[in-house]
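Visitor: Can you keep this structure in mind? I'll have questions shortly.
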């Protein structure tokens, strides 16, 4: 593991006023990179503390999944005392991140203009459902809503005739990755200029841009040169294929892959078919191509196909369930699932991040916090006396 002082964001102080998943996952990424993330929670705590399996009240699995490497401070921002504490924290912090709707954060007195005037060097992260300047600005937004109005659910209708949700909170997590990138970029800018930045990242715009990378297609051009939607991934035959004893995913991609694939599956007639000679011709005949794969792959066991495709260097994999992941040989060999003892929750499995720096993984420096666990220590760090701390904590 990388030592704390060598983490990329070591020494960066982040005030985290976020809840649910979009915001907490954003700030967890900053914490993973070494930032000191102070999770500021209302007296009742982040509502995600209560959703999902748990051993103890207020420490649910979903909360644990997006709140490591943070410290928890309880503040009631509806009170003058709570707001005074936050202003004192803002004065000594590098980032201020929230996912409160614009009109509500302004009512509390912590809108971008006010905060940035008080601390011109701060990086202010406003994580919204919709860009505040547009007609949807200020609307409530959650993953289901964003999947539908971003076009993601509608992509399924292009293929299946019926819109569907992706069974993952993909809007929250995609927007979080983009938000973390924006905040880190603003921090790099501050290192160069000394000036803070107001960074706004919205779920709707994040998922629209995410969807259109490949699906803007013919609509990329003005005027359009064809319909929107990437044909290969919209094919109704783009599925894991049945084998003799289960399922397999296989994706010959390059021309060489396909030459080798037809050889492995012993199909010279398809190898000689001009419709499958090039990437362009295969794309034009994608449904037929996938149908051919389905017919050919059903005749052998999954394990036999995997062995043959691996030898031929053709991308292929079994179809894992979620439960299979903890048994996956690759993940086990790289120690992807790290076990450690949480002070209140006991043994936990924590997935690694996607990152390694110089061959080293990012550590879990701070366990997922119990509500208000670090209130006394944080208040002491910014100069409050024991008597003042008692008044703040006890109301």
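Table: residues versus (1) outside any loop (DSSP other than H, G, I, E, B); (2) in contact with a helix residue (DSSP H, G or I) (Cβ under 7 Å, 6 or more places away or on another chain); (3) surrounded by fewer than 13 Cβ atoms within 10 Å (Cβ to Cβ); (4) in the same structural domain as residue 311 (by TED's automatic domain parsing).
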{"position": "201", "(1), (2), (3), (4)": "yes, yes, no, no"}
{"position": "225", "(1), (2), (3), (4)": "no, yes, yes, no"}
{"position": "258", "(1), (2), (3), (4)": "yes, yes, no, yes"}
{"position": "261", "(1), (2), (3), (4)": "yes, no, no, yes"}
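Visitor: Taking the range 100-115, which residues are assigned to a loop (DSSP other than H, G, I, E, B) and over 16 Å from residue 201 (Cα atoms)?
Guide: Matches in the range 100-115: 109, 110.
Visitor: Out of 58, 34, 52, report the one residue that is assigned to a loop (DSSP other than H, G, I, E, B), in the same structural domain as residue 174 (by TED's automatic domain parsing), at pLDDT 95 or above and within 21 Å of residue 174 (Cβ to Cβ).
Guide: Exactly one residue qualifies, and that residue is 52.
Visitor: Now for a different question. Suppose the filter is under 24 Å from residue 321 (Cβ atoms), surrounded by fewer than 17 Cβ atoms within 10 Å (Cβ to Cβ) and within 23 Å of the chain's Cα centre (by Cα); does residue 216 pass it?
Guide: no
Visitor: Take residue 57 and decide whether it is on the phi < 0 side of the Ramachandran plot and free of Cβ contacts under 8 Å to residues at least 12 places away in the same chain. Give the derivation first.
Guide: Details: on the phi < 0 side of the Ramachandran plot: yes; free of Cβ contacts under 8 Å to residues at least 12 places away in the same chain: yes.
Taking the combined requirement at face value, the residue satisfies it.
Quick grid of which residues meet (1) crowded, with 19+ Cβ neighbours inside 10 Å; (2) within 16 Å of residue 181 (Cα to Cα):
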{"position": "2", "(1), (2)": "yes, no"}
{"position": "10", "(1), (2)": "no, no"}
{"position": "13", "(1), (2)": "no, no"}
{"position": "32", "(1), (2)": "yes, yes"}
{"position": "53", "(1), (2)": "no, no"}
{"position": "63", "(1), (2)": "yes, no"}
{"position": "77", "(1), (2)": "no, no"}
{"position": "81", "(1), (2)": "no, no"}
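Visitor: On to the next question. Given (1) buried (at least 22 other Cβ atoms within 10 Å of the Cβ); (2) out of contact with any strand residue (DSSP E or B) (no Cβ under 6 Å at 6 or more places or on another chain); (3) part of a helix (DSSP H, G or I), identify the lone condition not met by residue 67.
Guide: It fails just one condition, (3).
Visitor: Could I ask something else about it? Being in contact (Cβ under 8 Å) with a residue 24 or more places away in the chain and either in the same structural domain as residue 134 (by TED's automatic domain parsing) or in a loop (DSSP other than H, G, I, E, B) (or both) is the filter here, so list the residues in the range 227-238 that pass it.
Guide: At the first step, the residues of the range 227-238 found to be in contact (Cβ under 8 Å) with a residue 24 or more places away in the chain are 229, 231-232, 234-238.
Within the range 227-238, 229, 235, 236, 237, 238 qualify.
Visitor: Continuing with this model, one more query. Does residue 321 satisfy the criteria of being closer than 18 Å to residue 242 by Cβ, in contact (Cβ under 8 Å) with a residue 60 or more places away in the chain and not in a helix (DSSP H, G or I)?
Guide: It is false that residue 321 is closer than 18 Å to residue 242 by Cβ, in contact (Cβ under 8 Å) with a residue 60 or more places away in the chain and not in a helix (DSSP H, G or I).
Visitor: If a residue must be surrounded by fewer than 16 Cβ atoms within 10 Å (Cβ to Cβ) and more than 20 Å from the chain's Cα centre (by Cα), how many such residues does the range 333-359 contain?
Guide: So the answer is 12.
Visitor: Give 362, 379, 371 a once-over and let me know the one that is crowded, with 18+ Cβ neighbours inside 10 Å and under 21 Å from residue 48 (Cβ atoms).
Guide: Exactly one of 362, 379, 371 is crowded, with 18+ Cβ neighbours inside 10 Å and under 21 Å from residue 48 (Cβ atoms), namely 371.
The values are calculated or read from the model by the stated rules, or taken from the named source; none is laboratory data. All values derive from a computational prediction rather than experimental measurement. Note: ideal-geometry Cβ built from the backbone for every residue, glycine included; neighbour counts use all protein chains shown.
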